[in-house]
Every structure is written in C-alpha cells, then in structure tokens.
Amino acid sequence: MVSDYYSATLIDHFEHPRNAGVMEGADAEAYVTNPVCGDSLRLYLRIDDGRVTAASFLSSGCPASIATSSAATELLVGLSLAEAEALPRERYAEAVGGLPKSKVHCSVLAASAVRQAIATWRQGREAAGPPAHGE
Ligand code: FES
C-alpha cells in the first residue's frame, strides 16, 4: 500500500502538487533528467533583486520526484540565489517527510534543476553585460 511506503506529507504533495505548470515570463528555467530512471523535471523561477520570488514546475516522474519538486517550489520562495543553490537534496526530502531508501535518488532532480536554472540565469546576465546607463 502506498501509505506504508510514503509519508502522508509526500502523498499530499503528490496528490495536490503546489505550483504545478508553466510559468509565463519566467526569469530562469531548467530541464533535467534523472540518469537512474529517465524521469524529468522542468523548473521555472522568477527572480527579483537576487531572490527567488516564485517557482513552478512540470514533471514527468514518480510520486517522490513530483512531491519533492512541489515542495521545492515552496521552499525556494524568499531565498537568495546563493541560499537556493546551497539547498542539498536532503532538504527537499525532509520537506516531504523523508523518502524511502530506494527513492532517495528522486530528490536529486529538484536540487539539480535549481542549480541549473540559477547557473543558466547567471550566464545570461553575464552574456548581456552590465546594464546600460539609465537602466
Ligand atoms: Fe525516477 Fe523517482 S523513480 S525520479
């Protein structure tokens, strides 16, 4: 039975994912796949003044990856980019009440997507150069 395997918090995130869907006009985006199973996650971030102000996701994954992605969209809001990047995968697992040993790898998707989205956002800023006078 699923409830013997997953925590009630995980099941709640899986059945009622927070912030699921495409974010129009996202400032940062990442698409990552889990090499262990092939599941995927697309993460969108809105970034204002060096902080994450909103996050959403699309997932083609197992209950554990959907739940940890859902939890990530709540955990990230309000964090500085450095704080968001530093969140270890264990933090996403904790946020859903822990993961069974065989599903620990599922929390890697959220952690990887956050780091990739922020790294890509930074690269875009560097490529654009310093803001023009008056911006
Ligand atoms: Fe693929 Fe969980 S089994 S992310």
Over the Cα atoms of the chain, each weighted equally, I'd like the Debye log10 I(q)/I(0) at q = 0.11, 0.14 Å⁻¹, rounded to two decimals. -0.38, -0.58
May I ask you to derive the relative contact order of the chain, considering only C-alpha pairs under 8 Å and at least 6 residues apart, and to give it as an integer percent? 28
Fewest-first ranking of 90, 24, 85, using other Cβ atoms within 10 Å as the exposure measure: 24, 90, 85
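In what order do 52, 108, 22 fall by count of nearby beta-carbon atoms within 10 Å, going from fewest to most?
Working: 52 24, 108 19, 22 11.
Ranked by crowding around the Cβ, least crowded first: 22, 108, 52.
Could you list 48, 4 in order of exposure, starting from the residue whose Cβ has the fewest other Cβ atoms within 10 Å?
Details: 48 9, 4 6.
Ascending number of Cβ neighbours within 10 Å: 4, 48.
Each value in this text was obtained by applying a stated rule to the coordinates, not by laboratory testing. Since the structure is predicted, the reported quantities are computational estimates derived from the model, not experimental observations. Note: ideal-geometry Cβ built from the backbone for every residue, glycine included; neighbour counts use all protein chains shown.
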